[in-house]
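What follows is calculated from the coordinates using simple rules that are stated; it is not laboratory data. This structure is a prediction, so every number in the text was calculated from the model and none was measured. Counting neighbours? That spans all protein chains shown, and the Cβs are built from the backbone with ideal geometry, glycine included.
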Amino acid sequence: MRRQSATLAVAALLLVAGCTALGGSGGGDATDANSDPLYETPLDTDAVVDAHVDAVRDAGTFTFETNNSYGESPSQVLVFRGDLDTGAVYVTSRSGDSPFQMYRFGNGTAYERRVDDGEVFYDDAANAVDGASNWVGEGVRVPLDLFDFAYVGTTTADGETVHVYEAEGPSSLAPSDGWLSRDDVTVESARATLEIGESGVVKRASYAFTVDDTGGTTSVSVTRTYSNLGETDLSPPAWIPTARNATA
């Protein structure tokens with residue numbers, strides 16, 4: 001049951017972050033509005049996603065972080081560290097009443113460490129987390145499909161030039177189906193920002209909006225980042241031997 005609850009927590013977060021949701025306001029102001037864009041607008045979703053995936057794969061390891069909030073619920077933060085050469089994944093939750101960690105070896109063997117009411121539990125998590133390749137493009141396609149972006153210019157993040165694309169206002173949303181396209185849903189506000197490195201990596205994708213529907217007013221936000229490319233450590237955490245013994 002404990003393993004199921006952690007798995008459901010991941011699934012629920014990704015549902016908010018990936019399919020129905022949409023969040024987090026964008027980054028800083030661009031410093032060079034006269035720079036040449038990395039991609040011409042309107043953005044080609046497949047071209048941007050493919051370049052991002054290729055750049056992350058070239059790096060080998062990566063850290064993908066998603067920070068999400070939905071209505072009055074507390075913000076949820078998940079960090080996925082992945083090694084594309086081995087397939088290993090290390091997932092950690094940094095928020096919520098029941099923080100958890102899951103580590104998956106490249107061969108599919110996986111374990112979970114969960115804290116409930118101050119007590120630590122361990123479980124087999126082989127069916128709870130996918131391999132690293134499943135997280136390479138997570139967080140990139142959704143905003144590209146939802147918003148019509150305009151090029152703003154370049155800025156500097158972590159010493160690297162990034163190209164900034166922004167979308168502002170309800171008219172910038174272009175959902176073709178799903179929740180936002182329903183007749184009883186009115187978008188009150190919307191904003192999105194993409195920060196794309198010279199290599200093609202979407203270093204930061206953030207988007208947020210407020211909607212009115214039959215259930216009232218709801219604000220949703222998501223911020224996703226890709227970082228530590230080629231520098232993410234996927235060594236098994238220190239608790240793995242304890243988890244292995246506890247689940248044997």
Do you know the relative contact order of the chain, to the nearest whole percent, from alpha carbon pairs under 8 angstrom that are 6+ apart?
-> 27 percent
With a cut-off of at most 12 other beta carbons within 10 Å, and DSSP calling the residue loop, which chymotrypsin sites (Phe, Trp or Tyr not before Pro) in the range 144-248 qualify? Please list them.
-> none
Square roots of five times the C-alpha gyration tensor eigenvalues of the range 63-103, ordered largest first and given in whole Å, equal 24, 11, 5
Give the residue from Val89, Val220, Ala208 lying farthest towards the positive end of the charge dipole for the chain; charges sit on Cβ (+1 for Lys and Arg, -1 for Asp and Glu) and the dipole is referred to the Cα centre.
-> Val89
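Select from the range 170-221 those trypsin sites (Lys or Arg not before Pro) which occupy a DSSP coil region and have at most 13 other Cβ atoms within 10 Å, ordered by residue number.
For trypsin sites (Lys or Arg not before Pro) across the range 170-221 that sit outside H, G, I, E and B with at most 13 neighbouring Cβ atoms in 10 Å, the list reads Arg182.
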Normalised Cα Rg of the chain, dividing by 2.2 N^0.38 Å with N its residue count, works out at 1.06
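Let's test the formula: R0 of 25 Å, r as the Cβ-Cβ distance of Asp32 and Asp145. What FRET efficiency results, to the nearest 0.05?
Once rounded, the FRET efficiency stands at 0.35.
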